Amino acid sequence: MTTIARSYLLDRVGGAFTACDQQIGQPGPGEILLRTRRVSVCQSDVVIHKVGLPRIKQWPAVILHEASCTVEAVGDGVTRFAPGDLVGLGCDIPCGDRACIYCGDHGTGDWTSCPNTQATGHEFPGFARSHAILPKWFVDLGPIVKFPAGFDPAHACHLEPLACGLEGMTRVNNCITNRVVVLIGAGSQSTYALQCCQAMGARKIIMVNRGLERLERVLRDFGDDRVVGVRWDENVVAAVFEHCKPFNEPHFVMMNAPCREGYELSVKLMGYGTVLDAHAGVKGAGGKPRIAHEVDLNNQVHYKLQCYQATHGSSMHGINLAAQLLSQNKLPKIGLMTNDSERFFPDQMGAAIQRASSSDSLKVIINWD
C-alpha cells in the first residue's frame, strides 16, 4: 500500500513554493508514518525564506518544523505509538548515530551540543509536506510525544516553541515562581513565556515592546493583574525598574527580540541575582554577527550573583514540560495566539510566511486537514 505525499518545496531564498507529489510506502521496522495536521510558522522559517541560513545545504528545501501529526501506520516493533495517535514533534533532533555520547541510546540528550546535530526543517526535511516516515532512530530517541485522545492539533503544534522557552525558564531553579520577570519583545516567544510564567506562579511579568499594536494585543488577550506593558523608548530602563518595586531589579530577563538593541537593553536590566536568558539569536544568511559586551566577572557575575545563559533549541526536558502544560490545560489562552488573519492552508504557503513576518502577527498556523 502506498500513500501520495504532497510537499511544498521552497526553490530558493526569496523564492516560491512549488507543490510536488510522490508515492511513499509503508513504514519499515521501527518506523512510523505520519500525516501532518497543523504546522505553525517559526521566525526561523521567515529568516530562511527572506535571507536563507547556512544550515540549509540543499535547495529546493522542505522547511517548517513546528508540527502536530497523526500516526497513520507503524512498522514492526513499534510499541510506543499506534495508528490514530496525535503527536507533536521538536525541531532539534539526534544526529542519528546510536553510539553518540550526546544523541545516542546512552547519550546525555544534549543534542544541540553534538557537532553533527540536526534540526527538522534544516538538515532533516521539515513538515511543509502532508506525510512523512520517521526513521527508527528518530522514533526511538527523538523529540516526539503523544497527546491525549481528542486533543486539539492546533494546540499540539505549539509544542516545539513552548519547549524552547521552557528550557531557558527552568535551567536555573526558582527564577520564575514568585519572581519578577521581564520579557523583551512582544512576539510569539514572549507570549509563550508570558503564559508559562502565569502558569508557574510569577509575581509580576513586565513585557517590553517597541510597537504599540502588538503589545496591546498581547496585554488584552493574555494579561492579568500581574502583567504590565512598557514601551521600548529612551526611558525604558527607568520604567522597568520602577515596575520592579518594591524589588530593585528583575529576577529573570528573557531577551526575545532578535536584534542587537535587544541585547544591549537586556544587560542594562541586570541587577543582584538576575538571570538573563538570551533566547532570540541575531542571525542571517552569513551566520551570527558578533555582539560584544564586557562583563566584570568579579563585581558582576560573582558579587551580584548574576547568571548569563542562552536558549538554543530544546531537549526532551523542554519537550516534556511543554507537553505537560498543554495536556493539562495549564495554558488556557493558547488558542488566542492565532487569529483569523493568521490561519492558512498548504497551497497558501507563501502568504503564510509573509503574514508571519508582519509586525503585528503572533503565530501563523497552516491547516493540513
Test set (1) outside the structural domain of D92 (by TED's automatic domain parsing); (2) outside any helix (DSSP H, G or I) - P332 fails condition number:
(1)
Has the range 338-348 got any residue that is β-branched (V, I, T) and over 25 Å from T112 (Cα atoms)?
yes
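Only one of L34, L89, L53 is within 30 Å of G286 (Cβ to Cβ) and either surrounded by fewer than 15 Cβ atoms within 10 Å (Cβ to Cβ) or in contact with a strand residue (DSSP E or B) (Cβ under 7 Å, 6 or more places away or on another chain) (or both). Can you tell me which?
Checking each option against the conditions leaves just L89.
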Within the range 32-49, which residues are touching a Ser or Thr at 6+ places or on another chain (Cβ under 7 Å) and farther than 30 Å from T79 by Cβ?
V46
I need a count of the residues in the range 193-208 that are touching a Gly at 6+ places or on another chain (Cβ under 9 Å), without any contact (Cβ under 8 Å) to a residue 40 or more places away in the chain and of a type outside the set (A, V, I, L, M).
0
Residue that is nearest to the chain's Cα centre (by Cα) [pool: residues in the range 339-350 that are without any contact (Cβ under 8 Å) to a residue 24 or more places away in the chain, over 13 Å from L10 (Cα atoms) and surrounded by 13 or more Cβ atoms within 10 Å (Cβ to Cβ)]:
E342
Specify which of the listed residues (R98, R55) is part of a loop (DSSP other than H, G, I, E, B), within 23 Å of the chain's Cα centre (by Cα) and charged (D, E, K, R).
R55
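Listed here are the residues, each with its yes/no results for (1) under 17 Å from G335 (Cα atoms); (2) part of a helix (DSSP H, G or I); (3) at pLDDT 95 or above; (4) not basic (K, R).
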residue	(1), (2), (3), (4)
L183	no, no, yes, yes
L194	yes, yes, yes, yes
Q198	yes, yes, yes, yes
A202	no, no, yes, yes
I205	no, no, yes, yes
V208	no, no, yes, yes
R220	yes, yes, yes, no
Residue under evaluation E234, criteria (1) touching a residue at least 24 places away in the same chain (Cβ under 8 Å); (2) more than 26 Å from Q309 (Cβ to Cβ), criterion not met
(1)
What number goes with the only condition from (1) outside the structural domain of F247 (by TED's automatic domain parsing); (2) in a helix (DSSP H, G or I); (3) closer than 30 Å to A239 by Cα that S358 does not pass?
(2)
Restricting the search to the range 5-20, which residues are farther than 20 Å from V51 by Cβ and free of Cβ contacts under 8 Å to residues at least 40 places away in the same chain?
C20
Check the range 80-89 and report whether any residue there is in contact with a Lys or Arg (Cβ under 6 Å, 6 or more places away or on another chain), more than 28 Å from V13 (Cβ to Cβ) and at pLDDT 95 or above.
yes
For the range 101-148, enumerate the residues that are of a type in the set (A, V, I, L, M), assigned to a loop (DSSP other than H, G, I, E, B) and in contact (Cβ under 8 Å) with a residue 60 or more places away in the chain.
A128
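Can we say C175 is assigned to a loop (DSSP other than H, G, I, E, B) and in contact (Cβ under 8 Å) with a residue 60 or more places away in the chain?
In short, yes.
The values are calculated or read from the model by the stated rules, or taken from the named source; none is laboratory data. Just so you know, these numbers come straight off a predicted model, no measurement behind them. All Cβ positions, even for glycine, are placed from backbone atoms using ideal geometry, and neighbour counts span all protein chains on display.
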